[in-house]
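Colleague: What follows is a structure written as structure tokens; I'll ask about it next.
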2 protein chains.
Amino acid sequence: MTPAVIAAATLALGDREGPGAMSMRRIAADLGCDPMAIYRHFPNRQALLDAVADLAVQEVAVPAGEKPWDERVRAVLTDVRAAALRHPGIAGHIASRPPLGSAGQKLAAVITGALAEAGLAPGDVLKASQALVAYSAAGLRMAVEAGAPDERWRQVNEALEGETPVVGSAEQFEYGLRLLLNGIRLEAHPGEASRTAGAYSGQDRSCS
Amino acid sequence: MTPAVIAAATLALGDREGPGAMSMRRIAADLGCDPMAIYRHFPNRQALLDAVADLAVQEVAVPAGEKPWDERVRAVLTDVRAAALRHPGIAGHIASRPPLGSAGQKLAAVITGALAEAGLAPGDVLKASQALVAYSAAGLRMAVEAGAPDERWRQVNEALEGETPVVGSAEQFEYGLRLLLNGIRLEAHPGEASRTAGAYSGQDRSCS
DNA sequence: ACCTGAACACCGTTCAAGT
DNA sequence: ACCTGAACACCGTTCAAGT
């Protein structure tokens, strides 16, 4: 019984039984121990879930440094999203607070490094990176909740148009990400028209 | 005892005692009734909180149609954020799910109308508006949680720089919002350099 | 000193019993 | 038919009692 063993078992339990199984009592039952035994390795439930989240985030590969800065940012954020969605038990927690364990910090450094390389003013790098992280967290949250699709959003979509663009979809997520990256490009090099806009997005939308 | 009375009392209770007071039992005690009495007016706790959220959002004024589209979007989103932060009991719920009661739908229509006016392709209007709403929700969540400041973020800030830009701050929020609006501008009129970038942001950051 | 599990102070919601 | 409150099936965490 080490923190790593507990975290790994909790991740697996969440994969099998979903977020409803992530209670101290259910986790302890799964481990075959008393709920209080967990408190000997983690100060509280939140700390345990942080460790589990970092475990999921460890699956994300650090993109190669030769790639262009925007592709690196896009890769990290879409990969974190995909990794979180592979682990339904912990996805909601990842969406709620940015995972800043060792794996999370490594990825955060990739983003700030890429933004500095993009030509953003030093004082803006952290603000832009937090904007990207915030947007990604919200996009993930929408995807998580789309599992139980929201009646109210359906009504709004219906009121506006027939063809629903699916609220928490990957396409929706990447669209907003491109808006942010375009905005960052403009911030870094005002006046220059963005020649690469959309170059790395999955779909070509120039003829919609 | 009508739904409106219950929602108003719950909003006031949350203003006074914070999110911890927003349980069916505490709300009922505040109203001087049995917890079950509330279920006669709302199907469940979530529906009640949705009504309370809409009450808070009703405080946001619909911006004048003569204003430029980006200023209208900026006004709505910063005003919703401010309204939510004036009501600590319900702010977390507003951050978790976009309020789509009658007041929320009215504001959502302002945003989609503004984006259509901006020149965005019809198919992109809803995607961009969802990106804006998602970002705003995440920014609000960070502000709410910044009330109990996050030790982990403090470490990251410290590791990167000395001068902490405050995670959930209004300045941070507006910066990300400008990135998104700039991205939308570029999406609507590719090739045109954005001459109005930052024109409506609170601070002039051209000489940092 | 270490570990356990009973207990505390809560939840949202159901449902049977009262009026 | 309407309303109440006891009860159900949970929570995270504390803490006293055991080993």
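The values are calculated or read from the model by the stated rules, or taken from the named source; none is laboratory data. These numbers come from a predicted model, not from an experiment. Backbone-built Cβ (ideal geometry, glycine too); neighbour counts: all protein chains shown. Heavy atoms of the whole protein, side chains included, go into the accessibility calculation; ligands, DNA and RNA do not. Shrake-Rupley method; radii C 1.70, N 1.55, O 1.52, S 1.80 Å.
Colleague: So is A:A91 farther than 27 Å from A:A146 by Cβ, among the aliphatic types (A, V, I, L, M) and in the same structural domain as A:A134 (by TED's automatic domain parsing) or not?
Modeller: For A:A91, the condition - farther than 27 Å from A:A146 by Cβ, among the aliphatic types (A, V, I, L, M) and in the same structural domain as A:A134 (by TED's automatic domain parsing) - is not met.
Colleague: Moving on to the next point. With the requirement that a residue be open to solvent by 30 Å² or more (accessible area, probe 1.4 Å), more than 8 Å from chain A (Cβ to nearest Cβ) and either under 15 Å from A:G139 (Cβ atoms) or basic (K, R) (or both), what does the stretch B:91-132 give you?
Modeller: B:K106
Listed here are the residues, each with its yes/no results for (1) modelled with pLDDT under 95; (2) touching a helix residue (DSSP H, G or I) at 6+ places or on another chain (Cβ under 7 Å); (3) of a type in the set (D, E).
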position	(1), (2), (3)
A:A128	no, yes, no
A:R154	yes, no, no
A:L160	yes, yes, no
A:P190	yes, no, no
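Colleague: On to the next question. Out of everything in the stretch A:182-194 that is more than 7 Å from every other protein chain (Cβ to nearest Cβ) and not in a loop (DSSP other than H, G, I, E, B), what residue ends up being least open to solvent (accessible area, probe 1.4 Å)?
Modeller: Out of the qualifying residues, it is A:A188.
Colleague: Which residues, counting only those in the stretch A:25-56, are hydrophobic (A, V, I, L, M, F, W, C) and touching a Leu at 6+ places or on another chain (Cβ under 8 Å)?
Modeller: A:I27, A:A37, A:I38, A:F42, A:V52, A:L55, A:A56
Colleague: Which residue is farthest from B:I27 (Cα to Cα), if the candidates are limited to the stretch B:43-61 and must be more than 9 Å from DNA strand C (Cβ to nearest atom) and assigned to a loop (DSSP other than H, G, I, E, B)?
Modeller: Out of the qualifying residues, it is B:A61.
Colleague: Another question, then. Pull up the stretch B:32-71, narrow it to residues that are within 14 Å of another protein chain (Cβ to nearest Cβ) and open to solvent by less than 60 Å² (accessible area, probe 1.4 Å), then point me to the one that is nearest to DNA strand D (Cβ to nearest atom).
Modeller: This residue is B:A47.
Colleague: Separate question: Do any residues in the stretch B:34-53 that are within 15 Å of B:A21 (Cα to Cα) have Cβ atoms under 9 Å from those of residues that are among the small types (G, A, S) and near DNA strand C (Cβ under 8 Å from one of its atoms), where the two are at least six apart or on different chains, and which pairs are they?
Modeller: Note: pairs meeting the criteria are B:P35/B:S23; B:R45/B:S23.
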